[in-house]
């Protein structure tokens, strides 16, 4: 509240209501100040965990990240507004922090004045570890359908069940096959014999004129708890929103939460990918470190979500797909290598499935992979299929993987800056058929590549 405005109000009150001027003016002034504090609280210090959510506008190919403070699990989180519009580069999802700033209670925001790591955090606000040991080896996920006063809720529970848990072309089938069973999602973690899809819950809120997703999820959690469902006992929570919300994105994901307002299984798989700490599968076809297209790598579900494409090599490695199989990932030195498709289960592979080559100029790696018509690789276009795919990635962290290009027999990739040259020698069949589940599978293809011829001094 501006001081000049209060001064003018005071003078007007004294002039108009002279007999009771002092009493009236004081009462009115107190009322204004109380009203103001309902919107902006006093500057204070807050502690909690950082939650980073990635918004996906597939229509326009744009993405945005939002930073929130989670003070208590399952309750409303506050959007952090930084002075220069940029979060500190060191901030990570899950970081325990101390924040000094002013809260806007109406908008669920905090204007950040100072932020630092909270070294004394006991990490008490974490998911109940006993609840996470749900039946089966998969991850538990609660799906809450939300309904607003001005919205039409998503009514097709059967479609949600199919999107998430169907026998094929579903979220859990994709992750199960792309990670060789390392990542999957339980259909019935609470043991009631039904899919963990709840609602719709009618909330006394509107959505067509705002995008206050943090408030929506907090109120949805309260409504679910009143119905006997404790979302804090799940590793992941998906909030299915009415399509007429004012949010400009299809989906939003990060931490343990996802919000979806449009799209099918592809969008659910993509947003859960953010929960699993995967950023986007982007393109850098000039190999200059500049992203050409945020969602341009169609060989991965973290790229364009119109295609259930499995995972590219860098994202598959990030999920621990090959950790139990030595020799499936090689760090390339000069020589000739045979690559098996990453769409083939590691247990059934005979050769390496990823070759990593250091890329010193960007402190990252080249990822060489081969994609074939196995599992979700069958959905790929000729841009990727039966070709050597080259990506770059730092090797860890929430940053984009970058598709550089794909190469067929006789073609070569060259990076003179780092002294790397790669040539595709042959594209052949393995000698044997594989029998899995009692059924004959097609020949599993392999690729012979020769990486990397390094120039002197390239390392």
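The values are calculated or read from the model by the stated rules, or taken from the named source; none is laboratory data. Just so we're clear, the structure is a prediction, and the values are computed from it rather than from any experiment. When we count neighbours, we look across all protein chains shown, and the Cβ atoms used for this are built from the backbone with ideal geometry, even at glycine.
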Fill in: Answer residue from segment 345-373, given it is farther than 24 Å from residue 176 by Cα and under 25 Å from the mean Cα position of the chain (by Cα) and is surrounded by the fewest Cβ atoms within 10 Å (Cβ to Cβ) among those
363
Discussion item. Is it the case, given these coordinates, that residue 291 is surrounded by 18 or more Cβ atoms within 10 Å (Cβ to Cβ) and part of a loop (DSSP other than H, G, I, E, B)?
Written reply: no
Worksheet item: Taking residue 310, is it within 28 Å of residue 263 (Cα to Cα), part of a loop (DSSP other than H, G, I, E, B), in contact with a helix residue (DSSP H, G or I) (Cβ under 7 Å, 6 or more places away or on another chain) and modelled with pLDDT of 90 or more?
Response: yes
Worksheet item: Failed condition for residue 342, given (1) in contact with a helix residue (DSSP H, G or I) (Cβ under 6 Å, 6 or more places away or on another chain); (2) surrounded by fewer than 23 Cβ atoms within 10 Å (Cβ to Cβ); (3) free of Cβ contacts under 8 Å to residues at least 60 places away in the same chain, with all others met?
Response: (2)
